[in-house]
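**Q** Mind having a look at this structure? Questions to follow.
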Amino acid sequence: MPVLTRLIPSPIVVDIRPGALDDLATVLADQRISSSGKLAVAISGGSGARLRERISPALPDADWFEVGGGTLDNAIKLAEAMKRGHYDAVVGLGGGKIIDCAKFAAARVGLPLVAVATNLSHDGLCSPVATLDNDAGRGSYGVPNPIAVVIDLDVIRAAPVRFVRSGIGDALSNISAVADWELANREKGESIDGLAAAMARQAGEAVLRHPGGVGDDSFLQVLAEGLVLTGISMSVAGDSRPASGACHEINHAFDLLFPKRAASHGEQCGMGAAFAMHLRGAREESAYMAAVLRRHGLPVLPEDIGFTPEEFVQVVEFAPSTRPGRYTILEHLDLSTDQIRDAYADYAKAIGS
Ligand SMILES: [Zn+2]
């Protein structure tokens, strides 16, 4: 009897709850991860010190590596430092930059990665992609998915709330990204993976509909699970399509045109998604998404993050060129500058100020 279903590359442990960090050593001692206890732990030099103090007694055979930042050079240096150690696995303990560096370094030395996320700023904590700054700006590098993901909600709640907000914007943007994927399927015959689309959309919808706020464990649980499932949806699809459409093109355009003034990934993606939903004629969904973004303290208008409407028009016009080959509502409508200006005015009016 042949295996008629497909296997999904996914972590063998997903532990998301308050206090999860207290059981990290037990998770790592799983014989599929590290039965010997020889671990390389990547951590930030600054904010990681307290975590190291707390966790190191439980991991006596681990070596600790301070990661300089989120660049390709940092990740290569980390791999160099780790390669002589004969470790069972790499543990990335920190925010997005640390985990992305650890992901890349682990792939380079051929070891599995355990992601221990200390904030929820984006959906990369369990994705097959490492985003690192390189000589040309910023690059996305394909890497294996983490072998385990641990998220302690007590740690998440102690991190600055802007990180949770960023994760909300990134999760909500899935709804617009999947709509773009469906559009590309209808208009261009691009194949769509129904399972990946379902996982990404459900993650976005769950965060959108949850009545709780950034300080509630029940909300943080749904958000963290949503971001993990979104990462796995990208593994299922084989690229970032389920979680990246016009919303992310707009985000990239902000980063590239205004590198010094850009806001967080999720702030820009969330606003980009609300605008993209409006552009595709889903006015009610757009207004609802904007209301939810506002409720959580996220921006919905460029002014909210210090940009003029005219600068936003420039961003939207530039956005398609940030991701050649990706067909979204922006490529579909192919608006002129004046049409973008009109569409923006209509959006601002529709969501109310
Ligand atoms: Zn994103």
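**Q** Please work out which residue is surrounded by the fewest Cβ atoms within 10 Å (Cβ to Cβ), limiting yourself to the range 1-30 and to residues that are part of a helix (DSSP H, G or I) and among the β-branched types (Val, Ile, Thr).
**A** It comes out as Thr26.
**Q** So which residues in the range 219-234 are in contact with a Pro (Cβ under 9 Å, 6 or more places away or on another chain), within 15 Å of the ligand (Cβ to nearest atom) and farther than 14 Å from Trp181 by Cα?
**A** Correct list: Val228, Thr230, Gly231, Ile232.
**Q** Quickly run through the range 321-332 and pick out the residues that are farther than 15 Å from Gln268 by Cα and buried (at least 16 other Cβ atoms within 10 Å of the Cβ).
**A** Of everything in the range 321-332, those that are farther than 15 Å from Gln268 by Cα and buried (at least 16 other Cβ atoms within 10 Å of the Cβ) turn out to be Arg323, Arg326, Tyr327, Thr328, Ile329, Leu330, Glu331, His332.
**Q** Would it be correct to say that Leu120 is in a loop (DSSP other than H, G, I, E, B) and within 26 Å of Ser166 (Cα to Cα)?
**A** It is true that Leu120 is in a loop (DSSP other than H, G, I, E, B) and within 26 Å of Ser166 (Cα to Cα).
**Q** While we're here: Hey, any hits in the range 237-246 for a residue that's within 14 Å of the ligand (Cβ to nearest atom), out of contact with any Asp or Glu (no Cβ under 7 Å at 6 or more places or on another chain) and among the hydroxyl-bearing types (Ser, Thr, Tyr)?
**A** Within the range 237-246 (the criterion being within 14 Å of the ligand (Cβ to nearest atom), out of contact with any Asp or Glu (no Cβ under 7 Å at 6 or more places or on another chain) and among the hydroxyl-bearing types (Ser, Thr, Tyr)), the answer is yes, since at least one residue qualifies.
**Q** Taking Ala105, is it in contact (Cβ under 8 Å) with a residue 60 or more places away in the chain, more than 16 Å from His265 (Cα to Cα) and surrounded by fewer than 24 Cβ atoms within 10 Å (Cβ to Cβ)? Break it down into steps so the answer makes sense when it comes.
**A** Working: in contact (Cβ under 8 Å) with a residue 60 or more places away in the chain: yes; more than 16 Å from His265 (Cα to Cα): yes; surrounded by fewer than 24 Cβ atoms within 10 Å (Cβ to Cβ): no.
The answer is no for Ala105.
**Q** May I pose another question? Could you tell me whether the range 298-311 includes any residue that is under 28 Å from Leu220 (Cα atoms), buried (at least 17 other Cβ atoms within 10 Å of the Cβ) and in contact with a Gly (Cβ under 7 Å, 6 or more places away or on another chain)? Working first, answer last.
**A** Going through the range 298-311, the residues under 28 Å from Leu220 (Cα atoms) turn out to be 298-306.
From what's left, buried (at least 17 other Cβ atoms within 10 Å of the Cβ): 298-302, 305.
So of that shortlist, the ones also in contact with a Gly (Cβ under 7 Å, 6 or more places away or on another chain) come out as 298.
Yes: one or more hits.
**Q** Within the range 322-331, is even one residue in a loop (DSSP other than H, G, I, E, B), of a type in the set (Gly, Ala, Ser), at pLDDT 95 or above and closer than 21 Å to Glu187 by Cα?
**A** no
The values are calculated or read from the model by the stated rules, or taken from the named source; none is laboratory data. These figures come from a predicted structure and were not determined experimentally. All Cβ positions, even for glycine, are placed from backbone atoms using ideal geometry, and neighbour counts span all protein chains on display.
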